[in-house]
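Please treat every number below as a calculation from the coordinates, not as lab data. From a predicted model like this one, the values you see are computed outputs, not experimental measurements. For neighbour counting, all protein chains shown are included, and Cβ atoms are generated from backbone atoms with ideal geometry for every residue, glycine included.
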Amino acid sequence: MPTPPHWPAPTATGAVDAVIELPGSKSMTNRALVLAALAAGPSVIRRPLRSRDTLLMATALRSLGTGPADDDAGDWRVRPGELRGPASVDCGLAGTVMRFVPPVAALADGDVTIDGDPRARERPMGPLIAALRTLGVDIDDGGRAGLPFIVRGRGTVKGGSVEIDASGSSQLVSGLLLAAPRFAEGVEVRHAGPPVPSAPHLAMTVRMLRAAGISVDDATPDVWRVAPGSPRGGMTEIEPDLSNAAQFLGAALVTGGRVTVRDWPAATTQPGDALRDLLVAMGAEVSHGADGLTVRGAGGGTFGGLHADLHDVGELTPVLAALAALADGPSRLTGIAHLRGHETDRLAALGTELRRLGGDVRELPDGLEIRPRPLRGGVFRTYDDHRMVMAAALIGLAVPGIEVENAATVGKTLPEFTKLWEEMLR
């Protein structure tokens with residue numbers, strides 16, 4: 001196959017002044033799909049995200065006998081059916097698919113083979129496989145403790161109590177919790193290990209289970225108890241993906257302009273909501289109103305560095321690192337050792353690419369130290385990681401000549417990114 005041409009990241013010629021409408025949250029869409037597939041009745045998912053990750057989830061659930069169908073309004077309608085094998089599931093590089101589908105596959109009657117992209121085979125899966133085995137699920141992984149593996153579904157899972165080290169990803173817990181209502185005894189999940197990253201995503205899982213009528217007790221830290229039962233169907237409204245707002249809001253700082261993201265919820269469990277405080281810490285003016293969330297940068301595009309523990313919001317790191325490379329002072333981003341197990345080793349990738357452009361970046365055991373200095377144009381490699389594309393685009397606003405390798409990989413969560421980016425600048 002020919003190598004696709006690099007995307008020339010556009011350089012801003014002045015302060016941006018834009019209003020952005022973002023598609024739905026990937027995290028909410030894929031959780032809603034799983035709950036709808038396990039529900040007692042039909043569901044409607046309004047404003048779902050259609051991206052590689054969510055389409056992989058939809059296809060996976062269809063292969064098991066249930067899944068979404070489009071309606072005339074562009075929503076997804078899910079009529080639950082009997083889960084069955086044999087089936088094959090392609091996870092791609094989607095952490096939500098590789099961690100959420102195996103517990104669902106355990107409820108199917110028949111074998112379900114689960115695999116993904118080559119990098120997916122390196123991502124943390126062992127704790128989930130071990131936990132499912134403790135709960136009585138038969139899994140054949142050939143001793144790999146990772147993809148590919150076969151879930152030998154028997155149509156039911158007893159459930160019960162299980163201990164898991166979820167320090168590699170909160171999705172390891174969320175996957176168990178989402179399927180737990182359909183386990184005969186529900187489930188009690190106890191985390192044992194370093195703190196679970198991305199705590200807001202766990203809060204999202206709990207909130208969506210409760211909205212579906214499921215009893216969840218999370219009063220004890222690092223313990224989640226889900227009572228057995230069937231999620232109820234109904235309507236789920238998907239919020240805009242706030243993490244995908246990071247680079248657009250960051251553009252206001254870089255150019256000294258103003259960007260509004262429409263329909264920003266007043267209250268949410270999405271990690272991206274932390275952008276409000278993080279961007280203020282770098283010198284932005286942030287306001288929330290009827291039109292959405294608005295970020296204003298200082299005149300001339302000057303802004304400060306950032307010293308922050310990003311443990312709970314690690315997915316924002318690539319864009320914040322790009323901002324840090326363009327800031328007027330040093331930055332230290334910590335609490336994100338788990339990013340080494342994401343779509344790529346994000347800490348190594350960010351350090352490598354920023355240094356190739358002339359940046360001063362030092363990798364820490366759990367983060368990055370970034371000291372700004374003048375950057376130059378060049379090819380920015382993305383490592384099949386959608387958030388690396390977003391980081392590169394932000395740098396390109398201030399640094400002419402940034403060529404983004406494989407920008408199409410952004411289709412993982414935001415297929416129309418380059419179009420939205422170019423429209424913002426117009």
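Tally Lys and Arg at +1 and Asp and Glu at -1 over the other residues with C-beta under 13 Å from the C-beta of residue 117: what net charge comes out?
Once all neighbours under 13 Å are counted, the net charge is -2.
GNM, the chain, Cα, under 10 Å: largest mean-square fluctuation among 103, 318, 374?
In this elastic network of the chain, the residue with the biggest mean-square fluctuation among 103, 318, 374 is 374.
Order the peptides 163-172, 337-346, 147-156 from the highest to the lowest mean number of other Cβ atoms within 10 Å of their residues. Let's see the in-between values first.
Numbers: 163-172: 22.6, 337-346: 21.0, 147-156: 18.8.
Result, highest mean Cβ count within 10 Å first: 163-172, 337-346, 147-156.
Relative to the longest principal axis of the chain, what angle (0 to 90°, nearest 10) does the C-alpha long axis of helix 199-211 take?
That works out to roughly 50 degrees.
Tabulate in residue order the Karplus-calculated ³J(HN,Hα) for segment 40-57, using 6.51 cos²θ - 1.76 cosθ + 1.60 with θ = phi - 60°, rounded to whole Hz; enter x for Gly and Pro.
Karplus values, whole Hz, x for Gly and Pro: 7, x, x, 9, 10, 10, 8, 6, x, 7, 10, 9, 4, 4, 6, 5, 5, 5.
Ratio of alpha-carbon Rg to the 2.2 N^0.38 Å globular estimate for the chain, to two decimals, please.
That ratio works out to 0.97.
Just to be sure I understand: of the beta bridges DSSP finds with both ends in segment 26-237, what percent are antiparallel, rounded to 5?
Percentage antiparallel, nearest 5: 60.
So how far apart, in nm, are the two label points at residue 356 and residue 425 if each is 7 Å from Cα heading toward Cβ?
Computed distance between label sites residue 356 and residue 425 equals 2.0 nm.
Using the Cα centre as the reference, give the magnitude of the dipole from point charges on the C-beta atoms of the chain (Lys, Arg: +1; Asp, Glu: -1; all else neutral), rounded to the nearest 20 debye.
180 debye
Let me check I've understood the local charge: for residue 385, count other residues with C-beta under 10 angstrom from its C-beta, Lys and Arg +1, Asp and Glu -1. What total comes out?
Combined, the nearby Lys, Arg, Asp and Glu give +2.
How much length is gained on full extension from residue 185 to residue 363, taking 0.36 nm per residue of separation minus their Cα-Cα distance?
59.6 nm
Suppose the chain between residue 267 and residue 219 were pulled fully straight at 0.36 nm per residue; how much longer would it get relative to their current alpha carbon spacing?
Result for the pair: 15.2 nm of gain on full extension.
At 7 Å along Cα-to-Cβ for each site, give me the label-to-label distance between residue 235 and residue 192 in nm.
Using points 7 Å along Cα→Cβ, the separation is 4.6 nm.
For residue 227, put the label point 7 Å out on the Cα→Cβ axis and report which residues of segment 98-113 keep their amide N under 18 Å from it.
What the label zone holds, given the 18 Å backbone N cut-off, is no residue at all.
With θ taken as phi - 60° and the coefficients 6.51, -1.76 and 1.60, list the Karplus ³J(HN,Hα) couplings across segment 17-32 in order, rounded to whole Hz; mark glycine and proline as x.
8, 9, 10, 10, 10, 9, x, x, 6, 4, 4, 5, 4, 6, 5, 4
Can you list the residues, at least 5 places off or on another chain, whose amide H is less than 5 Å from the amide H of residue 161, using H built in the peptide plane?
Here 188 satisfy the definition.
How much length is gained if the chain between residue 373 and residue 21 is pulled fully straight, taking 0.36 nm per residue apart and subtracting their Cα-Cα distance, in nm to one decimal?
123.4 nm
Give me, ordered by chain and number, the residues 5 or more places off residue 153 or on other chains with an amide H under 5 Å from its own placed amide H.
So residue 153 has HN proximity to 110, 111, 112.
Please order 21, 403 by the number of other Cβ within 10 Å, starting at the fewest.
Fewest-to-most ranking of 21, 403: 21, 403.
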